[in-house]
Amino acid sequence: MTTYSKTRALMQRGIDFLGSETAILCGAMSWVSERNLVSAISNAGGFGVIACGAMDPELLDKEIAATRELTDRPFGVNLITMHPQLFELIEVCGKYGVGHVVLAGGIPPKGSVEAIKGHGAKVICFAPTLALAKKLLRSGADALVIEGMEAGGHIGPVSTSVLAQEMLPELADEHLIFVAGGIGRGHAIAGYLEMGAAGVQLGTRFACATESIAHPDFKKAFFRASARDAVASVQVDARLPVIPVRALKNKGTEEFTAKQREVAAVLDREEIAMAEAQLQIEHYWAGALRRAVIDGDVENGSLMAGQSVGMLKEEEPVASIIEKLMAQSEDALSRR
Ligand SMILES: Cc1cc2nc3c(=O)[nH]c(=O)nc-3n(C[C@H](O)[C@H](O)[C@H](O)COP(=O)(O)O)c2cc1C
């Protein structure tokens with residue numbers, strides 16, 4: 001890879017922390033971020049992250065082992081905090097000496113950060129607000145990802161540009177902050193690095209890379225879509241707080257509204273507790289995403305995608321995407 005000295009200088013803290021050639025992470029994407037894409041990202045100088053999603057410890061064990069076969073570079077594992085076997089999954093990461101564990105989906109439960117660090121691994125958490133960011137850092141998080149609502153998948157209510165302005169000036173001098181959500185070109189990377197970010201995380205841009213196992217019809221839907229097709233799901237019942245998901249509009253989007261009504265009705269009849277209701281919603285998403293990514297059912301499945309989807313026009317190898325992002329960032333910095 002060309003030197004890209006200005007970009008690399010700004011990324012240096014992130015590079016040292018991740019142990020990769022660039023501080024560009026490919027965010028975990030359920031069903032998409034498996035051995036092939038993760039190893040391709042790390043081999044190309046980025047930092048790949050396995051999406052554990054709903055996998056059980058045995059499956060995660062196999063996935064880490066298989067990824068190791070394909071790369072000798074560092075990669076991470078993303079665990080969902082509400083997974084009922086979270087601590088067993090942490091043990092599996094420890095068994096393989098995974099260097100970085102990303103905790104997604106809410107505040108890490110008591111003891112989880114300590115358990116990860118007990119294995120000598122670094123902990124990366126998502127910080128939705130400045131107050132929470134400070135709390136997570138105090139509780140032992142080694143780095144944070146701040147992710148704006150432009151992103152694909154589960155999202156918060158605030159845009160990346162606002163989160164970056166709120167958090168980077170306060171935190172970036174002393175802490176490692178990675179910025180995610182809506183990044184499609186290297187020019188945006190340059191901007192966030194100049195604001196103090198240690199690196200960036202992208203998902204949508206990598207979902208349709210040549211090495212991604214996503215179904216060809218899933219990829220075609222991405223290439224056809226524009227930014228405005230990637231819409232956030234709406235919450236239909238005030239009593240059932242559902243984390244919004246950004247995905248391409250299709251029949252599945254409407255089915256999700258119906259699913260929420262169904263779960264709310266069961267909740268009404270007091271047949272299930274709130275936590276169980278929310279878990280049912282999450283299982284629904286996992287199933288719907290699988291239908292789209294693996295089976296290619298782009299009508300009824302979930303086409304989780306961020307607004308940067310409009311900038312994707314064709315399948316491209318991961319190495320070429322990373323090279324372009326670095327070149328664009330370098331170009332932007334050189335013009336300053
Ligand atoms: C198809 C898809 C699936 C995703 N699944 C997960 C997931 O399982 N866990 C997670 O923490 N983030 C997930 N994300 C979010 C990504 O890791 C990443 O943070 C996000 O895509 C970055 O924003 P961008 O899409 O604008 O690049 C997913 C995103 C997409 C597009």
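The values are calculated or read from the model by the stated rules, or taken from the named source; none is laboratory data. Just so it is clear, the structure is predicted and the values come from calculations on it, not from any experiment. All Cβ positions, even for glycine, are placed from backbone atoms using ideal geometry, and neighbour counts span all protein chains on display.
The table below gives the values:
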{"item": "Answer from Ser161, Ser226, Ser233 - the residue that is surrounded by fewer than 24 Cβ atoms within 10 Å (Cβ to Cβ), of a type outside the set (Val, Ile, Thr), touching a residue at least 40 places away in the same chain (Cβ under 8 Å) and farther than 25 Å from Ala40 by Cα", "result": "Ser226"}
{"item": "All helices (runs of 4 or more DSSP H) inside region 156-213 with 2 or more residues being more than 14 Å from the ligand (Cβ to nearest atom)", "result": "160-171, 186-194"}
{"item": "Which numbered condition Ile124 fails, given (1) part of a helix (DSSP H, G or I); (2) under 19 Å from Gly199 (Cβ atoms); (3) within 16 Å of the ligand (Cβ to nearest atom)", "result": "(1)"}
{"item": "Matching residues, region 41-71, being touching a Cys at 6+ places or on another chain (Cβ under 7 Å), farther than 18 Å from Leu103 by Cβ and among the small types (Gly, Ala, Ser)", "result": "Gly46"}
{"item": "Subset of region 127-152 (residues that are among the β-branched types (Val, Ile, Thr) and either within 16 Å of the ligand (Cβ to nearest atom) or not assigned by TED's automatic domain parsing to the domain that holds Leu168 (or both))", "result": "Val145, Ile146"}
{"item": "When residues of region 247-270 are limited to those that are farther than 16 Å from Gly287 by Cα and among the basic types (Lys, Arg), the one nearest to the ligand (Cβ to nearest atom)", "result": "Lys249"}
{"item": "Those residues of region 106-125 which are within 25 Å of Ile243 (Cβ to Cβ) and surrounded by 16 or more Cβ atoms within 10 Å (Cβ to Cβ), in sequence order", "result": "Pro108, Ser112, Val113, Ala115, Ile116, Val123, Ile124, Cys125"}
{"item": "Ala65 being within 15 Å of the ligand (Cβ to nearest atom) and assigned by TED's automatic domain parsing to the domain that holds Arg205", "result": "no"}
{"item": "Number of the exception - Tyr96 against (1) surrounded by fewer than 22 Cβ atoms within 10 Å (Cβ to Cβ); (2) in contact (Cβ under 8 Å) with a residue 40 or more places away in the chain", "result": "(2)"}
{"item": "Strands (runs of 3 or more DSSP E) lying entirely in region 18-113 (those with 3 or more residues that are over 25 Å from Val318 (Cα atoms))", "result": "none"}
{"item": "Qualifying residue in region 97-118 (condition: in contact with a helix residue (DSSP H, G or I) (Cβ under 9 Å, 6 or more places away or on another chain) and among the acidic types (Asp, Glu))", "result": "no"}
